[in-house]
1. Being touching a residue at least 40 places away in the same chain (Cβ under 8 Å), among the charged types (D, E, K, R) and in a helix (DSSP H, G or I) narrows it down to one residue among 38, 16; which is it?
2. Could you tell me which residue of the stretch 52-73 is surrounded by the most Cβ atoms within 10 Å (Cβ to Cβ), considering only residues that are touching a Phe, Trp or Tyr at 6+ places or on another chain (Cβ under 9 Å) and under 17 Å from residue 15 (Cα atoms)?
3. Tally time: how many residues in the stretch 2-29 are of a type in the set (Lys, Arg) and surrounded by 13 or more Cβ atoms within 10 Å (Cβ to Cβ)?
4. Any residue at all in the stretch 1-10 that's at pLDDT 90 or above and either out of contact with any strand residue (DSSP E or B) (no Cβ under 9 Å at 6 or more places or on another chain) or hydroxyl-bearing (Ser, Thr, Tyr) (or both)?
5. Of the numbered conditions (1) surrounded by fewer than 16 Cβ atoms within 10 Å (Cβ to Cβ); (2) in a helix (DSSP H, G or I), residue 49 fails exactly one; give the number of that condition.
6. Residue check, residue 61 against (1) touching a residue at least 24 places away in the same chain (Cβ under 8 Å); (2) hydroxyl-bearing (Ser, Thr, Tyr); (3) assigned to a helix (DSSP H, G or I), all met but one. Which one?
7. So which residues in the stretch 62-84 are more than 9 Å from the chain's Cα centre (by Cα) and of a type in the set (Gly, Ala, Ser), if there are any at all?
Amino acid sequence: LADSALAARRRLRRVEQVFALSIEAFRAPLEHYDAALETLWGDEHEAAALRGLRTLLAGGTSERRNYQAPVSFRIVPRVLGQAH
């Protein structure tokens, strides 16, 4: 169990990178990952996921979709927060 927990840390970072790449490829609106959500959600792990995604998405394209992304993209920070 301890080995799995230690290996999961590396995997979690890789999962964040893959999700960020898919968000960037889809050009999802960045509002779904805004810093204001950290205080609204009130969960330290989801806040860490949001910060990680924002860091990975920084410097990406400014040409984003002008409509809401599918739920699968909007829930990424919450799913990653549970993994944290």
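1. Residue meeting the stated conditions: 16.
2. Here is the first cut: in the stretch 52-73, the residues touching a Phe, Trp or Tyr at 6+ places or on another chain (Cβ under 9 Å) are 53-54, 56-57, 65, 69-70, 73.
Among the residues that remain, those that are also under 17 Å from residue 15 (Cα atoms) are: 53-54, 56-57, 73.
Working: 53: 21, 54: 16, 56: 19, 57: 17, 73: 18.
Selected residue: 53.
3. Of the residues in that region, 1 qualify.
4. no
5. The failed condition is (1).
6. Residue 61 satisfies all of (1) touching a residue at least 24 places away in the same chain (Cβ under 8 Å); (2) hydroxyl-bearing (Ser, Thr, Tyr); (3) assigned to a helix (DSSP H, G or I) except (3).
7. Within the stretch 62-84, 62, 69, 72, 83 qualify.
Results for (1) in contact with a Lys or Arg (Cβ under 9 Å, 6 or more places away or on another chain); (2) of a type in the set (Ser, Thr, Tyr), shown as yes or no for each residue.
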{"site": "4", "(1), (2)": "no, yes"}
{"site": "25", "(1), (2)": "no, no"}
{"site": "33", "(1), (2)": "yes, yes"}
{"site": "47", "(1), (2)": "no, no"}
{"site": "60", "(1), (2)": "yes, no"}
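The values are calculated or read from the model by the stated rules, or taken from the named source; none is laboratory data. Being a predicted model, the structure only gives us computed values, none of them experimental. Backbone-built Cβ (ideal geometry, glycine too); neighbour counts: all protein chains shown. Calculation scope for accessible area: heavy atoms of the full protein, side chains included, ligands and nucleic acids excluded. Shrake-Rupley method; radii C 1.70, N 1.55, O 1.52, S 1.80 Å.
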